[in-house]
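The values are calculated or read from the model by the stated rules, or taken from the named source; none is laboratory data. The structure displayed is predicted, hence computed values, not measured ones. FYI the Cβ positions are ideal-geometry reconstructions off the backbone, even for glycines, and counts take in every protein chain you see. Keep in mind that these areas ignore ligands, DNA and RNA; they rest on the heavy atoms of the full protein, side chains included. Shrake-Rupley method; radii C 1.70, N 1.55, O 1.52, S 1.80 Å.
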Amino acid sequence: MVLAGTAACGTVENLSAGQKLDNAFEKLGEERSIAFELDLDTDAKSLMALDAEQSEPGEEMPAEIAELLSEGTISVSMHSKKPIEESEEKDFTAMAMKLSGPDGALLEYRLVGDWFYARVDAATLGEMSGNPMPPADELPPEAGAFKKLLAGEWVKLSKKEMEETGKNMSGAEGLGESPSAEPSLDAKTQKKLTDALKKAVAQNVDFATSGGSDGTEHIKATAPFRTLVTELLGALKPLQNDLPIGDELPTAKDFADAPNTKVSADFTLKNGELTEVSVDLAELAESAKVKKFALVLRVSEGEKPEAPAGATELDIEELMTIMLTGAFGGAVSDEEFGDVPLEEGDLVGDTQMW
C-alpha cells in the first residue's frame, strides 16, 4: 500500500502504476475470503552455496533443509463475516495454514468456529531436524489421542480450553501478572508513519509497466537496496517513540556494508486484480553461484476453510501430562531443564497456536 500511494508522487508512469496498484489492493480488501501462497523461487544448490559462504565449517545447511526451503510452500487462507479491510480478529470465522514440502503436507492447522484442528508429518519433520519422534505404535496407551497426531491423522482441540490454559499459565505463581495487550498504532500515528514512508520511497523507487493481450499486466518497482533501507530508517527515526517496538532501530551505520545493488518487486495483475508479487533478491546474494533467488507471494480469492472429517479430540491437560510425565520414555527431570530459573513471560503465549 505504501508503494501504491508512493507511485502517485512521481512521474506520469509512476502515477499510472500507483493507481492500478491502489485499485488492485482495494479489490483485495473488499473480499471476504482470501488465500496466499508463499515460496522461494530458487533451487537447493543455490541455497546451499549461499549458506556455505556465511556458515562456519561443519555448520552448513543440510541438503534436506535446502530442498524443503526451495520446494516448500506456505499456504494461508481465511474467511471473514465482513470485507477483509474492515475485519477485526473477532470477525474471522475460519483460518487455515499449511506447510508443504517436496512430498506433500508437513504441517497443517485450521481454526474453524470453536475448534482448532491440526495434523503433522512427524516422521519427516523429525528426520529433517535430526530429532526423530517415536513411532506412534511404540507409544504407551496413556498417550491417547496424541498417537493419532504422530500417525499423521487429524486431531482437534477446543479453542476455549486453549485460551483458558494460556491465561492460567501466564498468571501462574512465579510468572508475574498476565501480559498487557500488544500496543497498536492510533490513526494519527498511522498517518504519520505512512506519510514518512511514502516520502522516503518516492525519491528512490522507479516503476515500469508492461502488459499482454490476455488481461495480464506487470508493474515492476525497482530501488537500490542500501539507499532505500537507509532512507526508510531515517524516516522512521523521528517516530520511534510512537511505534510499538522494543529495541532501538538500526542506523545507517548498521547497513554501511550492505550491497547497494538494485532489487525489484514485480506485481502481476490479471484484469486489474493482484495475483502475484515476486521480489527478486538474487542481486543481494553477490554470488556468481546464485542465479535465481526470489520471494514469491501468490494471491487468490480462496475458499472458506472447512473442518476436516474424522478428527480425534485431544485434551489439553492430557497433552501436557504426556509431555511432562514421560510418555515418550521417562519423566522430565530437573537435569533436563538445567538450573536456569523461569523468568516472567517464559511460558506466556506458548499455547497460542493461531
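What to note about this one:
- Peptides 298-304, 148-154, ordered by how many other C-beta atoms sit within 10 Å of their residues on average, highest first, read 148-154, 298-304.
- Here V112 sits with roughly 30 square angstrom of accessible surface, probe radius 1.4 Å.
- Modelled spin-label separation between S210 and L239, with each label point placed 7 Å from Cα along the Cα-to-Cβ direction: 3.4 nm.
- Note: relative contact order over the range 60-156, using C-alpha pairs below 8 Å and six or more positions apart, is 19 percent.
- Gyration tensor (alpha-carbon) shape descriptor, the range 243-302, a/c threshold 1.5: oblate
- Put simply, the amide H of T261, placed in the peptide plane, has neighbours under 5 Å in F225, R226, leaving out anything fewer than 5 places away on its chain.
- Calculated FRET value between E30 and N131, using beta carbons and R₀ = 51 Å, to 0.05: 0.70
- Listed residues D43, D206 arranged by accessible area, highest first, probe 1.4 Å: D206, D43
- Listed by chain and number, the lysines whose alpha-carbon sits under 21 Å from that of K159, ignoring those within fewer than 8 places in the same chain, are K81, K90, K98, K147, K148, K167, K304.
- The range 45-93 and the range 120-148: distance between their alpha carbon centers, rounded to Å: 23 Å
- Proximal lysines relative to K199, as straight alpha-carbon distance under 30 Å, when same-chain residues fewer than 8 apart are discounted: K20, K27, K188, K191, K220, K237, K253, K262, K270
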